[in-house]
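Each remark here refers to the structure printed beneath this line.
Values in this text are rule-based calculations from the coordinates and carry no lab data. Small disclaimer: the values here were computed from a predicted structure and weren't measured. Note that each Cβ is placed from the backbone with ideal geometry, even for glycine, and that neighbours are counted across all protein chains shown.
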Amino acid sequence: MKIVSTASRSVVIVILLAVLPSCALWRGSPGKDGAVAAVELPPELSESEYRALLDNAVRDAIAAASGRSTAKFILHKPYFHKTYAEYPDGVNGYAVQMRDTDSRTAPMSADVTISKLRYSTRLQRNREQARQDENYYRDTGTETVSMEFRNGAWRRMGSLFVAERTEEQVGGEWVRIQKDIPAALGEGSTKSGRFSRLKFWR
């Protein structure tokens, strides 16, 4: 009896070892004939279709983020400041470099480059003083945004803003600043030409 019982257990173990790997590899449901259907992958888009979706995403984001009415109050511990952006070339004034990738989850990536005016108030430790501050400095430069196509949509992965010059308002006119501004221009450098990583399209 012990020999028969041991043999039976061995047969069951062999059957389980043969069946379990196939269950792990396939994720579909068995058909009428017992076959298992593989997962259906989404169809690949053409380059023009990727570009059309990218253009829509970029234009919508620029239109929604441009102008003083979009100003944000931001905490950069222990400082507070306000900032907003304008895009002088409008929703069509940008350049795109798009390329294929080897990733199945992100088959396409792109760099979007656009001219940008960034307005920022001076950094302040007092929250209420920062809220009431309406004295903005202006950075003129170019922003490059890295994007990837994931889960059927273009998504922002990061951005780099390069300021070419910094200005302040004097007598109603923008005047270029020739020296660094201490404790000013949140979310970036206080010095024209330095690189800073910033959020894009607030």
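Look at the dipole of the stretch 47-196 built from charges on Cβ: of GLN97, PHE73, THR140, the Cα furthest out on the positive end belongs to PHE73. For the stretch 63-112, rounded, prolate or oblate, judged on the Cα gyration tensor with a ≥ b ≥ c (square roots of eigenvalues), a/c < 1.5 rounded, else prolate if a/b > b/c? It comes out oblate by the Cα gyration axes. Distance between the pseudo-spin-label points of GLN129 and ARG104 (7 Å out from Cα toward the beta carbon): 5.8 nm. The peptide list 76-82, 118-124, put in order of mean Cβ contacts within 10 Å with the highest first, becomes 118-124, 76-82.
Protection proxy ranking, highest mean first, for peptides 66-75, 85-94: 85-94, 66-75, where packing is the per-residue count of other beta-carbon atoms within 10 Å, averaged. Extension gain for MET157-ARG176 works out to 3.6 nm (0.36 nm per residue, less the C-alpha to C-alpha distance). Annotation: peptides 109-117, 55-63, 152-160, ranked by per-residue average of other Cβ atoms within 10 Å with the highest first, follow the order 109-117, 55-63, 152-160.
Other residues with beta-carbon under 12 Å from the beta-carbon of ARG150 carry, at +1 per Lys or Arg and -1 per Asp or Glu, a net charge of +2. Mind listing P(r) for the stretch 47-196? All alpha-carbon pairs, 5 Å bins, whole percents. Pairs per bin, as whole percents: 2, 9, 17, 19, 17, 14, 10, 7, 4, 2, 0, 0.
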